[in-house]
1. Counting only residues that are facing another protein chain (nearest Cβ under 7 Å), free of Cβ contacts under 8 Å to residues at least 12 places away in the same chain and open to solvent by 70 Å² or more (accessible area, probe 1.4 Å), how many does region B:101-121 have?
2. What are the pairs with Cβ atoms under 9 angstrom where one residue, in region A:1-28, is more than 22 Å from B:T47 (Cβ to Cβ) and the other, located anywhere, is of a type in the set (D, E) and open to solvent by 70 Å² or more (accessible area, probe 1.4 Å)? Sequence gap at least six, or different chains.
3. Test B:N140 against the stated conditions and say whether it is surrounded by fewer than 18 Cβ atoms within 10 Å (Cβ to Cβ) and either under 25 Å from B:A21 (Cβ atoms) or without any contact (Cβ under 8 Å) to a residue 24 or more places away in the chain (or both).
4. Name the residue that is nearest to A:Y115 (Cα to Cα), counting only residues in region A:393-409 that are in a loop (DSSP other than H, G, I, E, B) and open to solvent by 90 Å² or more (accessible area, probe 1.4 Å).
5. Can you tell me which of (1) in contact with a strand residue (DSSP E or B) (Cβ under 7 Å, 6 or more places away or on another chain); (2) part of a loop (DSSP other than H, G, I, E, B) is the one A:G24 doesn't meet?
6. Name the residue, out of A:E279, A:E285, that is within 30 Å of A:E147 (Cβ to Cβ) and at pLDDT 95 or above.
7. In region A:12-54, which residue that is of a type in the set (K, R) and surrounded by fewer than 22 Cβ atoms within 10 Å (Cβ to Cβ) is farthest from the other protein chains (Cβ to nearest Cβ)?
8. If B:F53 passes every condition in (1) among the aromatic types (F, W, Y); (2) over 21 Å from the mean Cα position of the chain (by Cα); (3) within 7 Å of another protein chain (Cβ to nearest Cβ) but one, which one does it miss?
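The values are calculated or read from the model by the stated rules, or taken from the named source; none is laboratory data. On a predicted model such as this, the values are computed, not experimentally measured, just so you know. Virtual Cβ from ideal backbone geometry, glycine too; neighbours counted across all protein chains shown. Note: accessible area is taken over every heavy atom of the protein model, side chains too, but ligands, DNA and RNA are not part of it. Shrake-Rupley method; radii C 1.70, N 1.55, O 1.52, S 1.80 Å.
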Amino acid sequence: MKINIDQVAKIEGHLGFMGHILEGDVAKARVEVHEGARLIEGILVGRRYDDAPLITSRICGVCPIVHNICSLKSMEDALGVEVSEGVKILRKILLMSQMLQSHSLHLFFLVLPDYFKEDETIKLTKEMEKETEQALRIRAFSDKVAEVIGGRAIHLTNTKIGGFGRFPDRKELQELQEESRELLLEAVTLAEVFKDLSYPDFSRKTEFISITNSEEYDFYEGKINASDEEPIDVNMFLPRIKEMESPFDVVKRGQYKGDSYMVGSLARINNNKNDLKGEAKKLAEAFFKEDISYNTFHNIYAQMIEVIYCIESIDNLIEKFIKGGYLEEDIIAKDDFTPKEDCWGVGAVEAPRGTLFHIYNVGSDGNIKKGDVISPTAQFLQNLENDLKVFLPDLKNMDKEERERKIKMMVRAYDPCISCATH
Amino acid sequence: MSKKIKIGMISLTSCEGCRIAILKLGKRILDLSDKIDFSECSYLEDTPWPDNFDIVFIEGTPITKRELGVLKEARRRSKKLIALGNCAALGGVQEIKNYHNKEEVLRKTYKYYNSIENPEIKGIKEFVDVDFTIPGCPINSEEFLEVVTKILNGEDPKILQVPVCKDCPRAGSERCFLNQNKICFGPWTLGGCGSPCPGNALPCLACRGFREGVNVDMMEKTLEKFATKEEIENRLEVFGLLDEYKKLKNKK
């Protein structure tokens with residue numbers, strides 16, 4: 001039985017699927033990327049170091065903040081720039097606004113229609129008016145957080161190597177705190193909807209990789225955590241993954257020690273759920289009763305838990321920032337960090353879809369000699385394909401429409417971002 | 001009840017940030033769905049294209065042959081075609097490779113470079129007729145709503161030809177990037193963005209394109225007081241403006 005889906009809608013970018021269910025429980029599956037290569041890494045070469053955060057932000061309009069911040073971190077590592085605790089707090093808040101922006105779009109507008117068997121999202125938004133408004137409020141709040149601290153909701157304009165251009169307005173920060181408290185209650189109600197979705201029964205053992213920070217559930221810094229060894233530093237971890245290239249494939253697919261692996265919300269929840277706090281912790285404990293969930297559809301609920309966590313944490317982090325009493329000089333960045341000699345840097349952050357790595361080599365003239373971006377979707381694309389191979393035989397007795405819907409549901413559960421994967 | 005307007009939101013290779021920017025309108029965009037039928041938007045629908053559109057918005061640049069076909073087919077089926085954002089209008093950051101050795105850029109990025117499509121990047125007006133352009137990287141969502149509302153009311157959309165400096169808090173002060181001898185294209189760039197770049201940390205890189213009738217020689221003269229020709233051209237590369245700039249220079 002052959003299955004061909006020309007384009008999977010309701011994901012970021014263009015992806016097709018080809019499958020073949022053979023005798024017994026054997027199946028072939030192939031996800032195919034229909035995106036042009038923009039050669040972002042190639043065009044960085046020869047440009048000044050501070051073009052990297054600006055240009056790599058344009059890799060993705062769904063998650064521009066994480067590319068921008070990961071690029072800043074990696075460049076700072078290369079150039080030997082230290083940032084203050086205040087700058088770190090503000091960046092942590094920005095990463096959380098990014099999680100909210102991306103997860104709220106994915107969960108509500110891209111995923112939910114599947115579970116109500118509705119092809120047209122607009123119809124669903126009318127049937128679920130209250131929930132639609134809640135989801136839109138989360139999105140609007142996250143945009144506002146990005147604007148107050150980062151200068152703009154999409155493609156930040158206030159972040160720089162070494163810090164920020166403008167000190168965020170204290171009154172605006174306090175307003176965000178107030179808003180976050182109101183929003184938390186609504187988000188907890190919205191979580192009920194996602195808790196009760198009928199997630200398909202699926203399980204396949206795989207490796208879950210994420211940043212783990214020993215102090216908190218964090219997206220900004222920490223060690224890289226895989227199940228088979230103690231968490232290790234980013235530069236130690238990078239040699240363990242390979243970017244596999246093949247002819248005609250614009251995506252370099254990730255491998256960890258020769259096998260596919262999963263990154264993203266489910267990986268983070270599996271690895272770090274004990275570090276959650278407040279409402280998010282309660283929800284995670286009630287839903288994720290096993291040590292590790294191997295059901296990739298649970299990535300959806302894991303995202304919902306992170307939404308709750310981020311709304312609570314933004315409030316707490318703003319409190320910490322204000323109490324820290326930081327001065328202009330702690331936050332405002334200098335202009336010139338041209339290195340004295342050839343240098344290398346690595347940076348990693350947790351993006352909505354998983355761990356993101358940027359790696360740069362800068363020459364003593366301040367120009368980039370090499371750039372490498374390893375995006376979450378490029379890392380998990382092979383894992384998605386491997387999941388689909390195991391999932392397909394379960395679908396062979398369904399009618400065509402239902403079978404295709406289930407395949408798309410699995411693709412969407414991963415929340416792939418094809419612009420990121422290709423870049 | 002009058003017939004709904006059929007809209008297509010079509011995305012070619014890009015970051016897709018312009019369609020995401022529209023989401024910022026929140027409920028206001030959903031409210032429009034009484035007047036608009038989103039006949040094709042891969043974020044909202046899982047259905048095939050209709051035979052005809054009233055308006056298609058194109059985001060991104062065509063890189064693969066498949067995308068070029070999509071662009072031409074969209075033009076064929078639509079009464080109006082609108083370029084959405086910097087990539088569609090001017091080529092976007094992916095155009096940087098045009099100004100260097102693009103084959104070498106490809107070889108630096110991929111091992112199996114022979115199998116990767118690597119055309120010269122161009123704004124979509126080089127391939128199809130474009131009726132209107134909503135500029136920016138990303139677009140200003142309020143501007144998008146204004147344009148759509150005008151079209152729904154049967155009026156011609158328009159973007160005021162004012163400079164970015166109009167909304168810039170640095171303008172006229174010592175904080176002005178130009179007064180600090182830093183390249184900023186604010187005075188020559190089409191405003192309406194609210195000046196979020198120079199309003200914060202970054203000089204204007206003209207993502208919205210030049211204003212109509214701008215004198216690029218004057219611009220060059222101003223900037224050459226403190227910057228080299230190469231430095232100016234390097235900044236114009238970022239959002240695909242360098243070729244436009246050279247065309248304007250040659251016109252004189």
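1. Final tally of qualifying residues: 3.
2. So the pair list comes out as A:D25/A:D394.
3. It is false that B:N140 is surrounded by fewer than 18 Cβ atoms within 10 Å (Cβ to Cβ) and either under 25 Å from B:A21 (Cβ atoms) or without any contact (Cβ under 8 Å) to a residue 24 or more places away in the chain (or both).
4. Of everything passing the filter in region A:393-409, A:D399 is nearest to A:Y115 (Cα to Cα).
5. (1)
6. From the options A:E279, A:E285, the qualifying one is A:E279.
7. Of everything passing the filter in region A:12-54, A:K28 is farthest from the other protein chains (Cβ to nearest Cβ).
8. Among (1) among the aromatic types (F, W, Y); (2) over 21 Å from the mean Cα position of the chain (by Cα); (3) within 7 Å of another protein chain (Cβ to nearest Cβ), the lone unmet condition for B:F53 is (3).
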